[in-house]
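The block underneath contains the structure these notes are about, expressed in structure tokens.
Any read-out appearing in this document is the output of simple, stated calculations on the displayed coordinates, not a laboratory observation. These numbers come from a predicted model, not from an experiment. No Cβ is skipped: glycine too gets one built from the backbone with ideal geometry, and neighbour counts run over all protein chains shown.
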Amino acid sequence: MLKKNKVPLSRRVEILSLFQRYTEGLSTLPASALLMFLCKEQMELTANKDTAEDLIDRYEIEETAVESRCMTFEGFLRFMESKDCCVFNRSHKTVYQDMDQPLTSYFISTSHNTYLTGDQLVGKSHLDAYVSALRKGCRCLEIDCWDGPDTEPVVYHGYTLTTKILFKDVIRTVEQHAFEVSAYPVILSLENHCCEAQQQVMAKYLTSILGDKLLKSPLDHPTTGDLPSPNDLMYKILIKNKKLKSQIRREDKTEESADEGEDADADDEDEDEEDDEYSIQFRAMFWSPRKMGSKNKKEKVALHKDLSDLVIYTRSVKFISFCHSRDNQNCYENTSMAEKKARKLMKSSGSSFIHHNQRFLSRIYPAGSRTSSSNYNPQEFWNVGAQLGSCHSVCRCTSSSSVSIAHSVALNFQSPGLSMDLNNGRFQDNGGCGYVLKPAVLMSRERNFDPNTSYRYLKPIQLVLKVISGSNLPVIKSRNTLDPFVRVEIHGIAFDSRSKSTHIVKNNSLTPHWDTDMNFSITVPELCLVRFCVRDQMTLFKSEFVGQYTLPFTSLKKGYRWVPLLSRQGCSLDPASLFVLVLY
């Protein structure tokens, strides 16, 4: 509960000023004055006398003060440096949202090429990458499956020199760690390139290793035309893959035969990647032209019935158009598309994209040209309600017992940076369970919301931030001190996205003081993320990253708050922090 590190002198001075403002000349703060501080400064509108006395019991260590129902300055300081005064709303550290809505109603933490710990051409594949993703609350993992020797399917990035791991070992790892931090369903997104014989082996491993955790049949619940909810699917693992249409409808033999032929096509993600000239050029560097040629001819992959049987609510189908999906797609069918295609649709048909995502699961994955495992900005696709945005994710690990990963619609979790900061910020909400309920603005079927439009008729929220000071900022090894400044960024719809910076403080990493006011006008706060980024001004035109912290606007606490700082890899930099005042 308490911050163990010594509070910098400047922070003590700032907090002492607040303390003295409410003691009115007394040496201690009575419970009534503490309550006034909580209501007036911290905007804790539900606080009462019991709240104030509870804080005295928890943070005051001087017995006479406790007996007098007062708080000394040292007790007040401990309170102000505690989790109770963190900028992130503590009540959001546990699951608090409605988890009985269909899966389509949630943003779902999703990883792309989960097995990789480096780039997409020569990087290593490692089981620890799956462990790391799951421990970060990721709920949708990608498994690229290829034929291996001795009828043992392998996982790696096809047509590259990335290393290979066994499919059965991946499934064992998932089984062991799937529900360590979240009880809600895990989706295994299979990119299937295996022959029928090895698909049968895959199906055998999935059923034998996952056991009762694997969802093998539809749930026995009232049919609403919607997908089941996270609560319905607790402790269940779902398989996302193509499914033989002949198992879904058997009206006549002609249709059945034609459908099976359609299902034999390569996965639509691969088809999109083939249109990416950079992906082809880079892969050609590492693979023979002959084999690359067969890849570009969209080789047929026949689907084995045993694997098809395991696809229940997450059947992969090719996206054609929003109209086609509306008229033909079932709720249990979902689509994948590359970021370039999704971005084009988002810009031309934002409202239609939102309505599509109200009914179906959509997965957006990084372009094939991102060979270094870089990521797109997931915010733009959250703005249209895409649930399964994918990140590339690199696991920086030295042994199976030492796992560290920085996380982010489907993202490369192994690649730190802004995208993963936003992903981590979004999914630390709702207890870090990997499912975050989409805001009402994205779920209304009557309202034609479009994130590309400026909603000037809506009354915006005015966010006022005062960046007061920092403390114990980490110094780069090559320098003895910092010239720090703080940039506050708002990430939401284009009309709301802004950033503002403090001035630069010279040669002060321990106690920089900015006392800078910033004002932001926010139209759709439910979609916004707030990112505090500390940077070191190196030259007139160059600055370097020092630390950051990102959280949803809806998790932002009002009043005087401290902001914890995280490294580029998403690790705590404690005791480094900022001290801010938040008003809205």
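Numerical summary
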read-out: Highest to lowest packing among 127-140, 482-495, scored as the average C-beta count within 10 Å; value: 127-140, 482-495
read-out: FRET efficiency, L510 to D220 (Cβ-Cβ, R0 41 Å, nearest 0.05); value: 0.10
read-out: Gyration tensor (alpha-carbon) shape descriptor, region 416-565, a/c threshold 1.5; value: prolate
read-out: Sum of side-chain charges, V311 neighbourhood, beta-carbon under 9 Å (Lys, Arg +1; Asp, Glu -1); value: +3
read-out: Order by protection proxy (mean Cβ within 10 Å, highest first), peptides 188-195, 512-519; value: 188-195, 512-519
read-out: Radius 10 Å from Cβ of E380, net charge of other residues (Lys, Arg +1; Asp, Glu -1); value: +1
read-out: Simple label model, 7 Å out from Cα along Cβ direction - V475 to M538, nm; value: 1.8 nm
read-out: Set of region 522-559 residues, backbone N closer than 16 Å to the point 7 Å along the Cα-Cβ line of K459; value: 522-525
read-out: Separation in nanometres of the label points that stand 7 Å from Cα toward Cβ, at N328 and E526; value: 3.3 nm
read-out: Residue-span extension gain [S91 to L161] - 0.36 nm each, minus C-alpha spacing; value: 20.6 nm
read-out: Segment K40-S208, length gained on full extension (0.36 nm per residue, minus Cα span); value: 54.6 nm
read-out: FRET efficiency for R445 and D57, using Cβ-Cβ distance with R0 set to 41 Å, rounded to 0.05; value: 0.25
read-out: Residue pairs, from the table K216/K340; K168/K242; K318/K347; K136/K542; K236/K305; K341/K438, whose Cα atoms sit over 26 Å apart; value: K216/K340; K136/K542
read-out: Peptides 421-428, 472-479 ordered by average Cβ neighbours within 10 Å, highest first; value: 421-428, 472-479
read-out: Label-point separation in nm, S321 to D50, each point 7 Å along Cα→Cβ; value: 6.1 nm
